[in-house]
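Read-outs: derived from the displayed coordinates by stated rules, not from any lab. Here the structure is a predicted model, which means the values were calculated and not measured. Glycine also receives a Cβ, built like all others from the backbone with ideal geometry; neighbour counts cover every protein chain displayed.
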Amino acid sequence: MTVGIIMGSKSDWPTMQHAAEMLDKFGVKYETKVVSAHRTPQLLADYASTAAERGIKVIIAGAGGAAHLPGMAAAFTSLPVLGVPVKSKALNGVDSLLSICQMPKGVAVGTLAIGDPGAANAGLLAAQILGCQQPELLAKIDEFRKNQTETVLANPNPAE
Ligand code: RP5
């Protein structure tokens, strides 16, 4: 597995599955796991600190509310960590977004958009990061982008 997709709760899966679906498009292998910064802190430490030696190259971490999972994962590994703010019930994910993006200098998390688009783009960005070392993967991403552009250009009338 080259990408680790972790999330704070099983309830995050409907959002995080969009990251997995994007990786599927490009044939990138990944693993998925519920790892909670608050409910399973030791598991988080173990997961993130052993990820590199297990062959993981990028971690995608999604969480909602007091979303400490991406930042704490980044604290335990030097692998790139992409954070997905999951939409929360009380504050619509603004709490998740601010929790994930406001990292202190010296420990980086790449923060994506709130919810499904952020999860999908985390998958896309993980593929792009891996694509830096894999020309055939980058070619698949180029093709995906080209098809996307052609679809928009072929459907210019919003009322149709
Ligand atoms: C966070 O709390 C999870 O990432 C989830 O988004 C949120 C709610 O979790 P559940 O109460 O649904 O398990 O840790």
*Where in the stretch 40-149 are there trypsin sites (Lys or Arg not before Pro) that are in a DSSP coil and have at most 16 other Cβ atoms within 10 angstrom of their Cβ?*
LYS89, LYS105
*Given the Cα-Cα distance of LYS105 and LEU138 and 0.36 nm per residue of separation, how much length would full extension add, in nm?*
8.8 nm
*Fewest Cβ neighbours within 10 Å first, please rank PHE76, PHE26 accordingly.*
PHE76, PHE26
*For the stretch 72-127 and the stretch 22-42, what is the separation of their C-alpha centers, rounded to whole Å?*
13 Å
*Neighbouring Cβ atoms within 10 Å as the yardstick, rank GLU136, GLU31 fewest first.*
GLU136, GLU31
*Going highest first, how would you order 90-101, 116-127, 148-159 by mean Cβ packing within 10 Å?*
116-127, 90-101, 148-159
*Treating cross-link reach as a plain straight distance, find the lysines whose alpha-carbon is under 27 Å from the alpha-carbon of LYS89, omitting any fewer than eight places away in the same chain.*
LYS10, LYS33
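Nearest 0.05, what FRET efficiency do LEU98 and THR149 give at R0 = 35 Å with Cβ-Cβ as r?
0.60
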_Directionally averaged shadow of the chain, computed from the convex hull of its alpha-carbon atoms, nm²_ = 10.5 nm²
*Round to the nearest 10 and give me the degree value, 0 to 90, for the angle of helix 135-154's Cα axis relative to the longest principal axis of the chain.*
50 degrees
